[in-house]
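Heads up, the thing below is written out as structure tokens.
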Amino acid sequence: MTSRSSGSRRRKAPLGASYDDALNRAFDQIARRARSEAEVRRKLLQEGADEAVVDRVVARLHELRYLDDDAFARARARGLAARGFGPLAAASRLALAGVSSARAKAGVDEAFESEGALARQALERRLKGRAPGELDRKEKERLLRWLASRGFSSGAIRGAFERAGESTAGD
């Protein structure tokens, strides 16, 4: 039985001052998934591109409209909302991606117009058809913590339980 070692991966040469190579690497990054400007910059610099080359590549990507942090923030926040995350988690992940706080807030506000409804949907998915009244105190507390870890505010969590017919105070 042969195994693959980590050394079997072909390493790419450092980019240095090659604009064309850096632009092609940026195209490869964006083709895999949408990225923020900061993510593209960070990756190109990690791969050894010169700062001046990175600036030119980013400017070209903006010209081609392949980089748009506003659109990235909206799409990423919508995607996180669809996966059951709350606005606090979305804002945190956008900050990690290097999106400015103003752009992140706009994207999160648009995606989470109804945080309470999203919290209720996440709760219902987690309950899998069971009623909150069927849960013991420990299970309810676990659900509260889970919703909070997904980035929902305490008000949205409370509202989700109340609409499901249960108080967050427990029994």
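The values are calculated or read from the model by the stated rules, or taken from the named source; none is laboratory data. Just so it is clear, the model here is predicted, and its values are computed rather than measured. No Cβ is skipped: glycine too gets one built from the backbone with ideal geometry, and neighbour counts run over all protein chains shown.
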task: Consider GLY129 carefully, then state whether it is assigned to a loop (DSSP other than H, G, I, E, B), out of contact with any Ser or Thr (no Cβ under 7 Å at 6 or more places or on another chain) and of a type in the set (Gly, Ala, Ser).
output: yes
- request: Take the residues in the stretch 80-107 that are over 20 Å from GLU124 (Cβ atoms) and not aliphatic (A, V, I, L, M), then tell me which one is surrounded by the most Cβ atoms within 10 Å (Cβ to Cβ).
  value: GLY107
task: Scan the stretch 21-58 residue by residue and report those that are at pLDDT 95 or above and in contact with an Asp or Glu (Cβ under 9 Å, 6 or more places away or on another chain).
output: SER36, GLU37, ALA38, ARG41, VAL58
- request: Identify all residues within the stretch 136-150 that are in contact with a Leu (Cβ under 7 Å, 6 or more places away or on another chain) and in contact (Cβ under 8 Å) with a residue 24 or more places away in the chain; write none if there are none.
  value: LEU147
query: Any idea which of ARG83, ARG103, ARG65, ARG74 is on the phi > 0 side of the Ramachandran plot and of a type outside the set (S, T, N, Q)?
result: ARG65
field: Flag for ALA131 being more than 28 Å from GLN29 (Cα to Cα) and over 19 Å from the mean Cα position of the chain (by Cα)
entry: yes
query: Which residues, taken from the stretch 70-126, are in a helix (DSSP H, G or I) and among the hydroxyl-bearing types (Ser, Thr, Tyr)?
result: SER92, SER101
message: Cβ-Cβ distance below 6 Å, separation of 6 or more or different chains: which pairs start in the stretch 51-73 with a residue that is over 20 Å from ALA106 (Cα atoms) and end on one that is of a type in the set (Phe, Trp, Tyr)?
response: VAL53/TYR19; ARG56/TYR19
- prompt: Out of the residues in the stretch 52-79 that are surrounded by fewer than 16 Cβ atoms within 10 Å (Cβ to Cβ) and of a type in the set (Gly, Ala, Ser), which is farthest from SER153 (Cα to Cα)?
  reply: ALA52
